[in-house]
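Working notes, structure below.
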Amino acid sequence: MKRFLPVDQVARDSRFRWVRDSERAQDPRESDVLGNGNYQRAGRFSPASEEAPERTRRLMHGIFMGEVQALEGAGRTCFDFDTGDGADQAPYALKLDMARQCWDESRHVEISVKLAAWMGTEIGEFGEGRGLYEAACNRDPALRLTAVNRGIEGLAIDVFATMRKFGIEAGDPVLTFCEDWMLADEVTHVKMGSDWLRRLTADDPERRERALEFQRLVDKIFSRAGRGDSAEDARQYRRLAGFTDEDIDEAHQDLSPEEERAFRRKMTADARAVPA
Ligand SMILES: [Fe+2]
Ligand SMILES: [Fe+2]
């Protein structure tokens, strides 16, 4: 098996179609939530609104694809690196955490498939963005976990917390419990991202500084969703996941659209450098 598998070579059957973000924005079904460049940052919607069922189906399909890629990313981290304490290696204890994460993400994929059936969604009905997998191609395991676990899964916490509330308001116990169960695991996954950055760089101040710089940018991109009426929830879950109040406040300083675009490219640069 090949190490550092390119993003276009992940295993998918004919139901799935990979779409770039620019292409997704052209899909009229998706354009309303893609105005801000990130479907997970969709504006709040109420169970009473006419578009709520459709938007919920689409958002949950996006989450389902994220679960598949989170499983692939954690599995790749066990396989892509030799076991050890070097800068380009992954310690055995990290691989055990990633193996546990694979177990959780497999369960989330199963939950998401059942939830899709409950909501009347076909698998593959919406295109698949692969941003999470791209972030999971980073050559440095510390940065890989910072981007995927702390950043993208941190944002997933916001989505699960919001949709759990939405399920309660809508009187939908299936949606509510699915979100609640996935949320409980994601807090642990985000904490792994916060903890491993420190553990991997404990004896290397230069690597620590580079990783913290990367973490500050990741936080600014992915930690802003907890604004508005779910802000206090988001803050609470992030504290459980290893964020300090200082981290949370700093993350709420906006990046300009150019800065954000440039950093997203930087975050997934290793994915573009993987040989075919
Ligand atoms: Fe998950
Ligand atoms: Fe996760």
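Working carefully through the options Arg235, Arg239, Arg227, find the one that is at pLDDT 90 or above, of a type in the set (D, E, K, R) and away from ligand 1 (no atom under 16 Å from the Cβ). Exactly one of Arg235, Arg239, Arg227 is at pLDDT 90 or above, of a type in the set (D, E, K, R) and away from ligand 1 (no atom under 16 Å from the Cβ), namely Arg239. Among residues belonging to the stretch 179-197 that are in contact with a Gly (Cβ under 8 Å, 6 or more places away or on another chain) and within 16 Å of Glu67 (Cα to Cα), point out the one that is farthest from ligand 2 (Cβ to nearest atom). Of everything passing the filter in the stretch 179-197, Glu179 is farthest from ligand 2 (Cβ to nearest atom).
With respect to being within 13 Å of ligand 2 (Cβ to nearest atom) and crowded, with 17+ Cβ neighbours inside 10 Å, Glu134 falls outside the description.
Among the residues of the stretch 142-160, those that are more than 11 Å from ligand 1 (Cβ to nearest atom) and either charged (D, E, K, R) or outside any helix (DSSP H, G or I) (or both) comprise Arg144, Arg150, Asp158.
Filtering the stretch 83-103 to residues that are within 16 Å of ligand 2 (Cβ to nearest atom), touching a residue at least 40 places away in the same chain (Cβ under 8 Å) and surrounded by fewer than 20 Cβ atoms within 10 Å (Cβ to Cβ) leaves nothing.
Residues considered: Asp185, Asp247. Of these, the only one that is within 30 Å of Asp88 (Cα to Cα) and either at pLDDT 95 or above or buried (at least 21 other Cβ atoms within 10 Å of the Cβ) (or both) is Asp185. Among the residues here, Val113 qualifies as within 16 Å of ligand 1 (Cβ to nearest atom), surrounded by fewer than 24 Cβ atoms within 10 Å (Cβ to Cβ) and in a helix (DSSP H, G or I). Residue count for the stretch 156-178 under the criterion of being away from ligand 2 (no atom under 11 Å from the Cβ) and touching a helix residue (DSSP H, G or I) at 6+ places or on another chain (Cβ under 6 Å): the result is 12. The residue list Thr176, Thr201, Thr162 contains one member that is under 21 Å from Met60 (Cα atoms) and at pLDDT 95 or above, which is Thr176.
Restrict the check to the stretch 207-223 and report whether at least one residue is on the phi < 0 side of the Ramachandran plot, modelled with pLDDT of 95 or more, among the hydroxyl-bearing types (Ser, Thr, Tyr) and in contact with a Lys or Arg (Cβ under 9 Å, 6 or more places away or on another chain). No, the conditions are met nowhere in the stretch 207-223. Residues in the stretch 192-213: is at least one within 15 Å of ligand 1 (Cβ to nearest atom) and surrounded by 18 or more Cβ atoms within 10 Å (Cβ to Cβ)? Yes, the stretch 192-213 contains a residue that is within 15 Å of ligand 1 (Cβ to nearest atom) and surrounded by 18 or more Cβ atoms within 10 Å (Cβ to Cβ). Apart from one condition, Glu259 fits all of (1) surrounded by fewer than 16 Cβ atoms within 10 Å (Cβ to Cβ); (2) of a type in the set (Asp, Glu); (3) in contact (Cβ under 8 Å) with a residue 24 or more places away in the chain; (4) in a helix (DSSP H, G or I); the exception is (3).
The values are calculated or read from the model by the stated rules, or taken from the named source; none is laboratory data. Here the structure is a predicted model, which is why all the values come from computation and not from measurement. When we count neighbours, we look across all protein chains shown, and the Cβ atoms used for this are built from the backbone with ideal geometry, even at glycine.
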